[in-house]
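The values are calculated or read from the model by the stated rules, or taken from the named source; none is laboratory data. None of these values were measured; they are calculated from a predicted model. Positions of Cβ are generated from backbone atoms using ideal geometry, with glycine treated the same way; all protein chains shown enter the neighbour counts. Side chains are part of the model used for accessible areas, which takes the heavy atoms of the whole protein and leaves out ligands, DNA and RNA. Shrake-Rupley method; radii C 1.70, N 1.55, O 1.52, S 1.80 Å.
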Amino acid sequence: MIEEKINHVTWSDTYSVGIKLLDDQHKGLLDFVNDLFNHVTGNADEENAYLQRVIHHAKRYIDEHFVTEEECMLATNFPGYAEHKTAHDEFKLAVVKSMGGFKAGKPMTLSNFTNFLKNWISSHVITMDKQYCLYFRRIAAIKKDGKLNDTLAKIINKRENISG
Ligand code: FEO
């Protein structure tokens, strides 16, 4: 019964946005999803206790990732920034709301919550994140050296140092 709801996610090049730091952050998010799946036991108390232990770290990680992307989009005048930022904000709100539901004892299982995270992250990366990926590539393509613009490179470098 539980097995039917557990569907681990595997990184593939389909998810790549062409920037190592952002790919690494996405891999970290998928690792978190798989870790949650690994803690699905069917015992609500156990699952809730585990989630309460790890969710703050996950929220910080998600915030760091979203800020990295948003800084990159702003620095390059990405035209889809506002829509993308709204999607990030709505996701964060949905996570907070779900966590509130857990605390209030609403009947939500860890596998349901994890499937929500998995589906949102997978879909968002493949659809919305790919849009800035293509935009950044176009910026690089019109430069003689084929590199990302300097402002974008500086942000990536700064965020790599923060993450490291
Ligand atoms: Fe990779 Fe827009 O989140």
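What are the pairs, 6+ residues apart or on separate chains, where a residue within region 14-33 that is closer than 24 Å to R138 by Cα has its Cβ under 8 Å from a residue that is among the small types (G, A, S) and more than 11 Å from the ligand (Cβ to nearest atom)?
L21/S163; D23/S16; D24/S163; Q25/S163
Take region 41-77 and flag every residue that is assigned to a loop (DSSP other than H, G, I, E, B) and open to solvent by 20 Å² or more (accessible area, probe 1.4 Å).
T41, G42, N43, N77
From the list T68, T114, T76, pick out the single residue that is away from the ligand (no atom under 16 Å from the Cβ), touching a residue at least 12 places away in the same chain (Cβ under 8 Å) and not small (G, A, S).
Matching residue, one of T68, T114, T76: T114.
If we scan region 99-106, do we find a residue that is over 26 Å from N161 (Cα atoms), aliphatic (A, V, I, L, M) and surrounded by 12 or more Cβ atoms within 10 Å (Cβ to Cβ)?
Checked region 99-106: at least one residue is over 26 Å from N161 (Cα atoms), aliphatic (A, V, I, L, M) and surrounded by 12 or more Cβ atoms within 10 Å (Cβ to Cβ).
Which numbered condition in (1) exposed (fewer than 13 other Cβ atoms within 10 Å of the Cβ); (2) part of a loop (DSSP other than H, G, I, E, B); (3) not basic (K, R) is the only one that E90 fails?
Condition (2) is where E90 drops out.
Within region 134-142, is there a residue that is in a helix (DSSP H, G or I), in contact (Cβ under 8 Å) with a residue 24 or more places away in the chain and either aromatic (F, W, Y) or crowded, with 18+ Cβ neighbours inside 10 Å (or both)?
Looking for residues that are in a helix (DSSP H, G or I), in contact (Cβ under 8 Å) with a residue 24 or more places away in the chain and either aromatic (F, W, Y) or crowded, with 18+ Cβ neighbours inside 10 Å (or both), one finds at least one in region 134-142, hence yes.
Would you mind stating whether S111 is open to solvent by 20 Å² or more (accessible area, probe 1.4 Å), part of a helix (DSSP H, G or I) and hydroxyl-bearing (S, T, Y)?
No, not satisfied.
When the residues of region 13-22 are narrowed to those that are within 14 Å of the ligand (Cβ to nearest atom) and open to solvent by 20 Å² or more (accessible area, probe 1.4 Å), which ends up nearest to T114 (Cα to Cα)?
Y15
When the residues of region 79-110 are narrowed to those that are in contact with a Phe, Trp or Tyr (Cβ under 7 Å, 6 or more places away or on another chain) and more than 16 Å from the ligand (Cβ to nearest atom), which ends up farthest from I55 (Cα to Cα)?
So the residue we want is M108.
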